[in-house]
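Taken together, the values in this text are just the output of simple stated rules run on the coordinates, not laboratory data. All figures in this text were calculated on a predicted structure; none of them were measured in a lab. As a convention, Cβ positions derive from the backbone with ideal geometry for all residues, glycine included, and neighbour counts pool all protein chains shown.
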Ligand code: HAM
């Protein structure tokens with residue numbers, strides 16, 4: 001036998017029953033998004049590299065070090081999407097969705113970043129992303145955050161804290177940037193190599209450094225808040241008024257800058273202490289300049305994305321882990337009975353669509369079929385032997401202590417099943 005092949009490092013399989021759990025969580029999330037009028041948009045996993053380079057920012061870690069970029073057979077440069085916002089805006093523009101006015105959209109699926117894998121950080125990970133386009137006011141910012149708070153409540157997640165900041169307009173950021181460069185240039189000897197590199201290319205990102213040695217220096221740096229224009233300040237205050245009124249707790253973190261360049265005004269992150277260094281489970285903000293930058297008519301927009309792996313890690317250990325493979329396990333004693341059993345299983349699926357029916361396929365003895373039925377976790381085994389077949393009956397064997405095995409008439413089967421499975 002040759003060696004089994006393995007998945008690529010940082011990319012994971014999701015097997016049953018964990019995949020069932022993912023599906024349920026995704027359904028819960030998309031149901032809540034639907035309550036706010038968000039509709040699904042789907043776009044390709046691969047885009048031309050330009051889509052990301054033009055939007056996320058040339059000097060960001062994502063574009064510089066983390067993208068899966070390759071040439072296809074035509075020599076075109078393509079990239080596996082590292083995030084969804086850029087693709088979403090590209091798709092919105094290409095399909096002319098903004099002609100119909102504002103858009104509230106969500107997407108769900110794998111993203112790819114060549115980061116160093118560790119707990120909560122993978123090379124293929126999954127996001128649910130939300131983008132609201134065409135709305136300039138603080139009301140949509142606040143509504144998005146209220147929606148995230150509802151998501152945590154529905155998912156049963158506690159202990160997430162909200163951090164907020166405003167990045168102002170490009171003009172206020174330019175002023176701040178000048179002062180920041182002057183400040184850090186005055187302290188060059190204290191900067192690490194990464195920060196020195198950022199100083200010329202993207203000094204705001206120095207504020208994002210996780211190096212503890214830089215903490216004091218960063219705390220003393222000029223703060224963007226002191227350079228904010230009046231409109232950005234008012235916008236931010238208005239967001240806070242709604243959150244305060246709704247009783248949503250948050251801290252304003254002036255150092256929250258985000259790792260993508262397209263943001264302006266409101267930015268936010270939901271953070272947990274339970275996942276160590278990879279504690280941000282949901283992050284986003286306003287990106288009023290991006291649609292214009294990507295070739296559309298200037299359109300305000302805001303969105304966020306949550307990392308599903310991180311969310312799943314936070315969920316309490318699920319009882320569903322022991323979920324049965326099916327509720328009803330159907331067994332035919334021999335080949336003739338199996339043919340009848342398959343037809344019977346179809347009839348059960350017609351009559352009781354909520355019941356999952358697993359037919360034993362294979363030539364095993366009755367005993368080993370029953371063993372397998374038990375292992376499946378099903379509540380009831382339906383057994384069709386030659387006697388039953390001849391008599392127009394079936395045997396129902398409760399597997400989870402709901403009484404004795406019984407023989408029932410074929411025409412009364414559904415009633416009996418309802419009784420047994422209802423009680424299961
Ligand atoms: P982001 O902060 O890069 O933002 O990613 C959003 C979330 O995706 C993170 O908070 C985290 O939960 C998850 N995530 C990111 N990288 C990884 C990874 N390597 N492994 C596991 N989870 C990860 C964006 O992607 C923006 N597009 C969000 C946005 C939408 N802003 C506006 N609209």
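Just from the alpha-carbon atoms, what are the Rg and Dmax of the range 328-423 in angstroms?
11.9, 32
With a ≥ b ≥ c the root eigenvalues of the C-alpha gyration tensor of the range 10-133, is it rounded (a/c under 1.5), prolate (a/b larger than b/c) or oblate?
oblate
Of the beta bridges DSSP finds with both residues in the range 328-423, what % are antiparallel, to the nearest 5?
50 percent
By average Cβ neighbour count within 10 Å, what is the ranking of 328-337, 234-243, 206-215 from highest down?
Packing order, densest peptide first, comes out as 328-337, 234-243, 206-215.
Let's test the formula: R0 of 51 Å, r as the Cβ-Cβ distance of residue 179 and residue 45. What FRET efficiency results, to the nearest 0.05?
0.80
Please list 361-369, 70-78 highest first by mean number of surrounding beta-carbon atoms within 10 Å per residue.
361-369, 70-78
Between residue 274 and residue 335, how high is the FRET efficiency from 1/(1 + (r/R0)^6) when r is the Cβ-Cβ distance and R₀ = 60 Å? Nearest 0.05.
0.65
Please state the shape class of the range 136-207: rounded when a/c is under 1.5, otherwise prolate if a/b exceeds b/c and oblate if not, all from the C-alpha gyration tensor.
Taking the square roots of the gyration eigenvalues as a ≥ b ≥ c, the range 136-207 is oblate.
Can you give the Kirkwood hydrodynamic radius of the range 77-203 from its Cα pairs, in Å with one decimal?
18.6 Å
Enumerate the residues in the range 133-171 having an amide nitrogen under 18 Å from the point lying 7 Å beyond the Cα of residue 100 toward its Cβ.
Once the point is set 7 Å along Cα→Cβ of residue 100, 133-135 turn out to lie under 18 Å by backbone N, inside the range 133-171.
Based only on other Cβ atoms within 10 Å, what is the fewest-to-most ordering of 22, 152, 270?
With the fewest neighbours first, 22, 152, 270 line up as 22, 152, 270.
Checking the a/c ratio against 1.5 first, then a/b against b/c, what shape does the Cα gyration tensor give for the range 278-348?
Oblate, because a/c is 1.5 or more while a/b does not exceed b/c.
For the chain, what is the convex hull volume of its Cα atoms per residue in Å³?
Dividing the Cα hull volume of the chain by its residue count gives 210 Å³.
How many nm separate the modelled label positions at residue 374 and residue 416, each set 7 Å beyond the Cα in the direction of the Cβ?
Simple spin-label model gives 2.1 nm for this pair.
Full-extension gain between residue 367 and residue 223, please, as 0.36 nm times their residue separation minus the C-alpha to C-alpha distance.
Separation in residues times 0.36 nm, less the Cα-Cα distance, equals 44.4 nm.
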